[in-house]
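Down below is the structure, laid out as structure tokens.
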Amino acid sequence: MAKAVLLMALCFLPALALARIMTDPYEVQGKVFCDTCLLGFETPATTYIAGAKVKIECKDRTSNKPVYSKEATTDKSGCYKMVIPEDHGDQICDAMVVSSPLPECAIPSKGRDSARVILTDNNGIASKQRFVNAMAFTRTQKLAVCENVLKQYELTDDQY
């Protein structure tokens, strides 16, 4: 009996020693919108893009080479969620837009095409949820309703 227990211990101990301790995964979520008024921010005329592709990319801090990447697609409300299984504290991680299914709104919006994501526990954030700033694509032409939006925000064509 003792030999059987010893044999089992010899079989399982190396597997346990090599097993990685898995931490709780991070849940990253955000939205992708179409900048319908070419203002660079969300407005009442904003529409959210279903089927847009986004990705999380983490780069090594010293070499700036990508070491992790994961893609997701937005749902019908323009939201995406993805699970990142491990801590990336030694890396710089960004969410970024990849593509839009809307040909009239497929230009990545400068300044809204990516957002920094902190994927580590060593930062004071207690939750494993990470909320990414909304990212955007820009239309080639603004919508007619945008004139009313400009009035609502007390802007003129010269101010943006």
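Here V132 fulfils each of the conditions (1) surrounded by 18 or more Cβ atoms within 10 Å (Cβ to Cβ); (2) in contact with a helix residue (DSSP H, G or I) (Cβ under 9 Å, 6 or more places away or on another chain); (3) more than 13 Å from F41 (Cβ to Cβ) apart from (2).
The set of residues from region 102-128 being under 17 Å from the mean Cα position of the chain (by Cα) and under 20 Å from Y48 (Cβ atoms) comprises P108, S109, K110, G111, R112, D113, S114, A115, V117. In region 34-83, of all residues being closer than 15 Å to C105 by Cβ and of a type in the set (D, E), the one that is surrounded by the most Cβ atoms within 10 Å (Cβ to Cβ) corresponds to D35.
Yes/no matrix, rows are residues, columns are (1) in a loop (DSSP other than H, G, I, E, B); (2) free of Cβ contacts under 8 Å to residues at least 60 places away in the same chain; (3) surrounded by fewer than 12 Cβ atoms within 10 Å (Cβ to Cβ); (4) among the polar types (S, T, N, Q):
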{"site": "E86", "(1), (2), (3), (4)": "yes, no, no, no"}
{"site": "C93", "(1), (2), (3), (4)": "no, yes, no, no"}
{"site": "G111", "(1), (2), (3), (4)": "yes, no, yes, no"}
{"site": "A115", "(1), (2), (3), (4)": "no, no, no, no"}
{"site": "N122", "(1), (2), (3), (4)": "yes, yes, yes, yes"}
{"site": "A136", "(1), (2), (3), (4)": "no, no, no, no"}
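Of all the criteria given as (1) surrounded by 15 or more Cβ atoms within 10 Å (Cβ to Cβ); (2) touching a helix residue (DSSP H, G or I) at 6+ places or on another chain (Cβ under 7 Å), the one not satisfied by T140 is (1).
Only the coordinates and a few stated rules stand behind these numbers; no lab work does. None of these values were measured; they are calculated from a predicted model. For neighbour counting, all protein chains shown are included, and Cβ atoms are generated from backbone atoms with ideal geometry for every residue, glycine included.
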